[in-house]
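Single-structure report; data block below.
The values are calculated or read from the model by the stated rules, or taken from the named source; none is laboratory data. All values reported here derive from a predicted model rather than from experimental measurement. FYI the Cβ positions are ideal-geometry reconstructions off the backbone, even for glycines, and counts take in every protein chain you see. For the accessible areas, the whole protein counts, side chains as well, though only heavy atoms, and no ligand, DNA or RNA atoms are used. Shrake-Rupley method; radii C 1.70, N 1.55, O 1.52, S 1.80 Å.
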Amino acid sequence: MTGAEMIIRALLDQGVDVVFGYPGGAVLPIYDAIFGQNKLRHILVRHEQGAVHAAEGYARSTGKVGVVLVTSGPGATNAVTGLTDALMDSIPIVCITGQVATHLIGNDAFQEADTTGITRPCTKHNYLIKRADDVARVVHEAFYVSRSGRPGPVVIDMPKDIQMAKGKYVGPEKVVHRTYQPRVKGDSAAIERAVKLIADAKKPVFYAGGGVINSGPAASKRLIELARLTGVPVTNTLMGLGGFPGSDPQFIGMLGMHGTYEANLAMHDCDVMVCIGARFDDRITGRLDAFSPKSKKIHIDIDPSSINKNVSVDVPIVGDVGSVLEDMIAIWKRDGLSADKNALKAWWKKIDEWRGRDCLRYEQTDSTIKPQYAIERLYAMTKDRETFITTEVGQHQMWAAQFYKFESPNHWMTSGGLGTMGYGMPAAIGVQLAHPDALVVDIAGEASILMCIQELSTAVQYSLPIKIFILNNEYMGMVRQWQELLHGGRYSESYSAALPDFVKLAEAFHAKGLRASRPEDVDGLIEEMLNTDGPVVADIMVDPTENCFPMIPSGSAHNEMILGAADVNRREVSDAGKALV
Amino acid sequence: MPQPEKRARRHTIAVLVDNEAGVLARVIGLFSGRGYNIESLTVAETDPSNYRSRITIVTSGTPMVIEQIKAQLGRLVPVHKVRDLTTEGALVERELALIKVAGKGEPRVESLRIADIFRARVVDSTNDSFVFELTGSSEKLNAFVELMKPLGLVDVSRTGIVAISRGADAL
């Protein structure tokens, strides 16, 4: 077989059914091999960044590895943002990049870039294949590395002459990785200590992140079971939403910078914190030296480098979240443990007091649509059907996280770590391909959506009925909000001037465009959007001045939250705080 | 909560890696990308039959940073083993230097006398220069280099530190 044929064969042997890509000179032999078969479906995107985000959406919504195929040079460099995004959010991606022929490497050939050099810091691992006999092994290894341990993107750089050279194919069963064997099972002594701490806790909290999603649906079920057994309140990170049911009474909302009052105060005041597949990122902890000062901390993570990185923990457990939770449940049952009921009752009473502040409250008027209202209506009208939500990045993303409730894992796709504007629409395309009959909505902002607007053409080409739900406030809202908070309201370059007419734009792409400007039009718009078969761009003209609360200003602690606009003026953000992003 | 140790200390870390293309770039990129310090780094293939190379890195940091460095190294895909030789028992550290001294007359003779005291070997000689080879601790090499400065020191090449644990156990 040729190198190109072996690529296709290896992808099929890895169970791949769809590849997101864009052809070019250095991958033509692989595209020719795609032409000669009909098992592997190729989705032609309009920009390589879109290919990676689409693969991310596919991967995040299925638990499978997403696959990308791009050409050398600009094809590879355009993919870099998506690869970095996948690395930060631990999304399994295999990205095959074409490369100039081996004898040309290093000669500044046409469309040559040092792809392995450029992508080394933004991938979990990468390969440059130099022998046709290595092709099959490298592809199988790449899939193994990508999905094992903490998942991430892997790049395979494939020179054009290797694509055309003949080599020997080996199946996936013959490939065993020499060095990479991540630990799945947690240390049993540490797990015993952790369970004892939970049983003795007076004010415990479970802080669950994207690791619960990555571990698979079983991990999510075990998290629910452990929460039931122990009665502990559960908060989710942005990446963890859906890992615990959003409408569950034990769920206290998302935590962090725009998390709920009750979740952040519970984190601050707790005596035992169980971090389950999350990483104490700066959006979660706020000011580090004031972060949950009184608690014993247990940290379950499959990546040893996540442990003690930002926050020192008392009981580190390296292992897969699902496996460790299973062990915890077994120990709890084996020892017939029960929580301190009186203490928990008092703890829940306190949490309910915090909940009583109703921190997500907003005031809908008759004249303008509040963005929160639009999302609440979207939730109300779509919650009874299978719905996947993707987002772009900014205020709309936070409102979506706050107001859309996710009942099960893999239904929420957002760019958490890297914060990539332009992520949402291509991700929605990937989700829709994996779930053709489901409703897929990209909750977007008018600024973000323009960053990958070209992918609307992809959605139309493949008749993917994604719904783009734009909360149009005519500002880069989160930038404007920070300028209000930190820079005296000087709106430097944050106004979305010269916006396109999104309805006409949709029509120009052969999609459907809708617009609502008044609160009473929102339901009708959503209804029409849901009743339309093809892709829809819905332009919701929302209150341009609304800000996203609650908020922990940068450099502040969890118990120093700003609850609403009236609260803002009382706060001075320190220079150290301003220096934080 | 016990306050973590804040003082930075020097650590010698041994890393066993698959000798594949780009592995050194991965290690160095990790240090520069995450802002860790490299005081010395040596690398060579140590087990050709298994394509294994050994990297010895001397770095400094607080215990939390050193723990991060080890965890980050450990998560690189081609890395087999990471050991902090400084904290895991006694170790032997050595460095080799080639030191060129040019001159004639009394300074030339003096450099040879000092080389003898330091047990440095002469590996190249012309009528007006010597190249000394010297092995030992970094401090010993520093001391020798200092002494050669007034005697016509013109060039120094050092390997960086290699290290191994004392006793019978392998890495």
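How much space per residue, in cubic angstrom, does the convex hull of the C-alpha atoms of segment B:37-76 take up? Before the final figure, lay out the partial values.
Details: hull volume 2.7 nm³, N = 40.
Taking the convex hull of the Cα positions in segment B:37-76, it is 67 Å³ per residue.
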Query raised in the report: Taking Cα pairs under 8 Å and at least six residues apart, what relative contact order does segment B:92-163 come out at, in percent?
Result: 52
Query raised in the report: Of B:87, B:12, B:56, which has the largest mean-square fluctuation in a 10 Å C-alpha GNM of chain B?
Result: B:87
Report summary line: When the charge dipole of the protein assembly as shown is computed with +1 on Lys and Arg Cβ and -1 on Asp and Glu Cβ about the Cα centre, the Cα farthest towards its positive end, among A:391, A:69, A:284, belongs to A:284
Report task. Quick one: order A:551, A:381 from most to least accessible surface, probe 1.4 Å. Result -> A:381, A:551
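Give me Rg/Rg_expected for chain B, where Rg uses Cα atoms only and Rg_expected = 2.2 N^0.38 Å with N residues. Could the numbers behind the result be given before it?
Details: Rg = 19.3 Å, N = 171, 2.2 N^0.38 = 15.5 Å.
Cα-based Rg divided by the globular estimate yields 1.24.
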Report summary line: Relative contact order as a percentage, segment A:12-139, C-alpha pairs under 8 Å and 6+ apart, gives 24
Query raised in the report: With all protein chains present and a 1.4 Å probe, how do B:161, A:118 order by accessible area, largest first?
Result: A:118, B:161
Query raised in the report: Straight-line reach from residue A:174: which aspartates and glutamates have a Cα under 13 Å away, not including same-chain ones fewer than 8 places off?
Result: A:13, A:134, A:141
Report task. Can you check what the net charge comes to around residue A:8, using other residues whose Cβ is under 14 Å from the Cβ of residue A:8 (Lys, Arg +1; Asp, Glu -1)? Result -> -1
Report task. Just need log10 I(q)/I(0) for segment B:92-163 at q = 0.22, 0.27 Å⁻¹, Debye formula, equal scatterers on the alpha-carbon atoms, no solvent, rounded to two decimals. Result -> -0.87, -1.27
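Show me you know the interface measure: the accessible area buried between A and B, both chains summed, probe 1.4 Å, in Å² to the nearest 100. Don't skip to the answer; put the middle values down first.
On the way: alone 22570 and 10010 Å², together 30910 Å².
That pair hides around 1700 Å² of surface in total.
Divide, for segment B:9-84, the radius of gyration over alpha carbons by 2.2 N^0.38 Å, where N is the residue count. Walk me through the numbers on the way to the answer.
Details: Rg = 11.6 Å, N = 76, 2.2 N^0.38 = 11.4 Å.
In units of the globular-protein estimate, segment B:9-84 measures up at 1.02.
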Report task. Positive end of the charge dipole of the protein assembly as shown (Lys, Arg +1 and Asp, Glu -1 on Cβ, about the Cα centre): tell me which of A:43, A:209, B:71 has its Cα farthest that way. Result -> B:71
Query raised in the report: On average, how much accessible surface per residue is there in segment B:9-84, in Å², for a 1.4 Å probe, leaving out ligands, DNA and RNA?
Result: 41
Report summary line: Ignoring ligands, DNA and RNA, the residues of segment B:51-84 whose accessible area with a 1.4 Å probe is reduced by 50 Å² or more relative to the chain alone are B:64, B:68, B:75, B:77
Report summary line: Shape descriptors of segment A:160-217 over alpha-carbon atoms, Rg and Dmax in angstrom, are 21.8, 66
Query - A:382, B:46, B:62, ranked by accessible area, largest first (probe 1.4 Å) - result: B:46, B:62, A:382
Requested in this report: Just check segment A:195-354 against the gyration tensor rule for me: Cα atoms, a ≥ b ≥ c as the square roots of the eigenvalues, rounded for a/c under 1.5, and otherwise prolate or oblate depending on whether a/b exceeds b/c.
Outcome: rounded
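How much net charge surrounds residue B:123 when only other residues with a Cβ under 14 Å from its Cβ are counted (Lys, Arg +1; Asp, Glu -1)? Walk me through the numbers before you get to the answer.
Details: positive: B:100, B:119, B:121; negative: B:124, B:133, B:155.
Local charge sum for residue B:123: 0.
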**Report entry** All lysines inside 23 Å of residue B:6 as judged from Cα atoms, apart from same-chain residues fewer than 8 positions distant
**Finding:** A:294, A:296, A:297, A:309, B:70
Report summary line: Tilt, helix B:23-33 to longest principal axis of chain B (alpha-carbon atoms), in degrees rounded to tens, equals 80
Query - From phi via Karplus (6.51, -1.76, 1.60), per-residue ³J(HN,Hα) for segment A:117-129 in Hz, x at Gly/Pro - result: x, 5, 8, 4, x, 10, 10, 6, 7, 8, 9, 10, 7
Query - Under 15 Å from residue B:140, Cα to Cα: aspartates and glutamates that are on another chain or at least 8 residues apart - result: B:93, B:95, B:116
Query raised in the report: segment A:160-190: which residues show an accessible-area loss of 40 Å² or more, assembly versus chain alone, 1.4 Å probe?
Result: A:178, A:179
Query raised in the report: Taking only C-alpha pairs under 8 Å that are 6+ residues apart, what is the relative contact order of chain A in percent?
Result: 14
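Decide, for segment A:390-503, between rounded, prolate and oblate: order the square roots of the alpha carbon gyration tensor eigenvalues as a ≥ b ≥ c, take rounded if a/c falls under 1.5, and otherwise choose prolate if a/b is larger than b/c, else oblate. Working shown, then result.
Numbers: a/c = 2.61, a/b = 1.55, b/c = 1.68.
Since a/c reaches 1.5 but b/c is at least a/b, the shape of segment A:390-503 is classed as oblate.
To one decimal place, what orientation-averaged projected area in nm² is obtained for the convex hull of the Cα set of the protein assembly as shown? Can you show the working numbers first?
Details: hull surface 152.4 nm².
Taking the Cα atoms of the protein assembly as shown, their convex hull projects to 38.1 nm² on average.
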